[in-house]
Amino acid sequence: MVPRDTGEPSIEATLLAQFAQGAPDAAQALTDLLAPRILRYAARMLGDPAEAEDVTQDTMLRLWRIAPDWRDQGVSPSAWAFRVAGNLCTDRLRKRRPGPPELPDLVDDSPAADARMMQAARVRALEQALAGLPERQRQAVILRHLEGMSNPQIAAIMMLGVEAVESLTARGKRNLSAILAGQRDALGYQDDD
Amino acid sequence: MTTERPDHSADDLLESCFADARAHPPQLGPDLRARILADAAAIQAQARSGAASPQRRSLRQILAEWLTPALAGGAVAAAAGFWVGVWLPMPVVALDLPLWLDTPLAYLDLISLQIMGLDDPLWMEF
């Protein structure tokens with residue numbers, strides 16, 4: 001699932017070349033390989049499912065368009081697509097009106113709340129906490145901890161050095177912890193003290 | 001100086017949130033998948049129609065091949081006409097002068113003689 005940086009053409013690059021030659025199956029395979037990941041990334045960056053769908057479709061459209069001219073320049077098609085999606089998300093985030101940061105919803109902490117509700121509450125709380133992070137930290141944390149990419153892969157997508165990625169991820173995690181700290185009880189985590 | 005103890009409960013909560021989010025990711029719906037594939041099909045069709053229109057392309061080539069020399073010839077003729085108009089070595093009236101005045105140098109002589117009042121030094125009255 002995670003793109004590999006090897007010297008050989010990746011399966012994505014091969015599929016992209018086949019797509020450019022007119023193979024209809026290549027489009028389906030590439031869509032199934034990349035679109036779900038782009039959608040997850042965009043949804044977590046934007047916190048808006050409809051906008052995430054638009055970004056995903058736009059990213060894939062750009063991939064189809066570049067296919068005939070694709071040259072392997074050390075960036076895999078998936079890294080390229082994540083980069084494009086990240087830029088599209090950034091554009092949309094910047095167009096949004098600045099407003100007060102959203103506060104996480106209060107979670108139902110009644111004893112009757114079952115594990116699934118608690119799980120959903122944690123997912124929702126994380127999404128809201130992510131929305132409170134600076135954009136680059138959010139990007140790095142999502143790619144590292146939710147998409148499971150390596151730091152060099154994230155560095156290629158974000159066009160940064162590996163150390164900068166490590167720093168962004170660490171700061172992002174610290175900020176997320178701070179945002180979530182006030183909800184430990186509500187999210188099923190009792191304080192140790 | 002105090003040393004800060006790492007807050008394991010905060011880390012655990014965050015890791016737990018990450019795990020839950022990974023376990024419940026946003027899903028690619030069939031509608032979006034269909035839209036993406038429709039875009040792909042349209043791009044492929046566009047590429048096919050572009051590649052499969054040699055007639056249109058060759059027509060363009062034929063027109064280019066025919067028009068280019070014609071336009072080039074016209075441009076050269078226009079330039080030559082302009083050049084002749086600007087740099088005509090003698091006025092048109094000089095064309096019916098006697099044969100011994102048929103060179104630019106001879107015409108220059110004629111003009112200089114006229115200026116000097118010696119336009120007909122031999123009284124030949126032509």
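So here's what we get for this one:
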| read-out | value |
| --- | --- |
| Residue match in segment A:159-166 (condition: open to solvent by 20 Å² or more (accessible area, probe 1.4 Å), closer than 18 Å to A:Tyr41 by Cα, touching a residue at least 24 places away in the same chain (Cβ under 8 Å) and not in a helix (DSSP H, G or I)) | yes |
| Single residue of segment A:35-76 satisfying the filter (among the basic types (Lys, Arg) and within 11 Å of chain B (Cβ to nearest Cβ)) that is surrounded by the fewest Cβ atoms within 10 Å (Cβ to Cβ) | A:Arg65 |
| So A:Met149, is it more than 14 Å from chain B (Cβ to nearest Cβ), among the aliphatic types (A, V, I, L, M) and in contact (Cβ under 8 Å) with a residue 40 or more places away in the chain | no |
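Here's the yes/no breakdown for (1) open to solvent by 40 Å² or more (accessible area, probe 1.4 Å); (2) part of a helix (DSSP H, G or I); (3) out of contact with any Ser or Thr (no Cβ under 7 Å at 6 or more places or on another chain); (4) modelled with pLDDT under 70:
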| site | (1), (2), (3), (4) |
| --- | --- |
| A:Ser78 | no, yes, yes, no |
| A:Ala81 | no, yes, no, no |
| A:Pro98 | yes, no, yes, yes |
| A:Asp105 | yes, no, yes, yes |
| A:Ala112 | yes, no, yes, yes |
| A:Val123 | no, yes, yes, no |
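The values are calculated or read from the model by the stated rules, or taken from the named source; none is laboratory data. Keep in mind that what you see is a predicted model, and the values were worked out from it rather than measured. Every residue, glycine as well, gets a Cβ built from its backbone with ideal geometry; the counts of neighbours run over all protein chains shown. For accessibility, only protein heavy atoms count, side chains too; no ligands or nucleic acids. Shrake-Rupley method; radii C 1.70, N 1.55, O 1.52, S 1.80 Å.
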